[in-house]
1. Based on this model, can you work out whether residue 100 counts as without any contact (Cβ under 8 Å) to a residue 24 or more places away in the chain and within 30 Å of residue 25 (Cβ to Cβ)?
2. If you take the residues in region 98-108 that are buried (at least 16 other Cβ atoms within 10 Å of the Cβ) and part of a loop (DSSP other than H, G, I, E, B), which one is nearest to the ligand (Cβ to nearest atom)?
3. Among the numbered conditions (1) touching a helix residue (DSSP H, G or I) at 6+ places or on another chain (Cβ under 8 Å); (2) within 16 Å of the ligand (Cβ to nearest atom); (3) in a helix (DSSP H, G or I), tell me where residue 30 comes up short.
4. For region 111-140, enumerate the residues that are near the ligand (Cβ under 9 Å from one of its atoms), surrounded by 15 or more Cβ atoms within 10 Å (Cβ to Cβ) and without any contact (Cβ under 8 Å) to a residue 24 or more places away in the chain.
5. Going by the structure shown, is residue 75 under 19 Å from the mean Cα position of the chain (by Cα), more than 16 Å from the ligand (Cβ to nearest atom) and surrounded by 12 or more Cβ atoms within 10 Å (Cβ to Cβ)?
6. Please enumerate the residues belonging to region 83-127 that are more than 20 Å from residue 22 (Cα to Cα) and more than 13 Å from the chain's Cα centre (by Cα).
7. Residue check, residue 91 against (1) within 10 Å of the ligand (Cβ to nearest atom); (2) farther than 16 Å from residue 24 by Cβ; (3) touching a residue at least 12 places away in the same chain (Cβ under 8 Å), all met but one. Which one?
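Throughout, read-outs are computed from the coordinates displayed, never taken from laboratory work. On a predicted model such as this, the values are computed, not experimentally measured, just so you know. Here Cβ is always computed from backbone atoms with ideal geometry, including for glycine, and neighbour counts include all displayed protein chains.
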Ligand SMILES: [Zn+2]
């Protein structure tokens, strides 16, 4: 199937095999709204993070040990949320680019279109359910 992979990577290759224009539009809307949601959540998390840091700087003088410990935990949680959101936002962004290039939503295993229902739940999915199961069986 390596030959097939080369064709998919090639410019102008017809990769959206069996996918209708309606379906592509449906996926685009899906990804776009997901991207916007994540973008909004990310901006909120950034603002929250900034607030936590400002509070910390302002309070630093009179802090006792336990207090600054819980603040550190709070800040760590906010930072890790920030990373997660950024990751997801990047994934959605990549997916949109790949959709434009016509390489999005086709299974890496069998190169058939991944069902829209699956992409809806896992927009970053790169294989269909069958190929995923085959891979997992091989891995275990
Ligand atoms: Zn597959």
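1. yes
2. Here the residue is 107.
3. All conditions are met except number (2).
4. Passing the criteria: 114, 127, 128, 132.
5. no
6. Passing the criteria: 108, 109, 110, 127.
7. The single condition residue 91 does not satisfy is (1).
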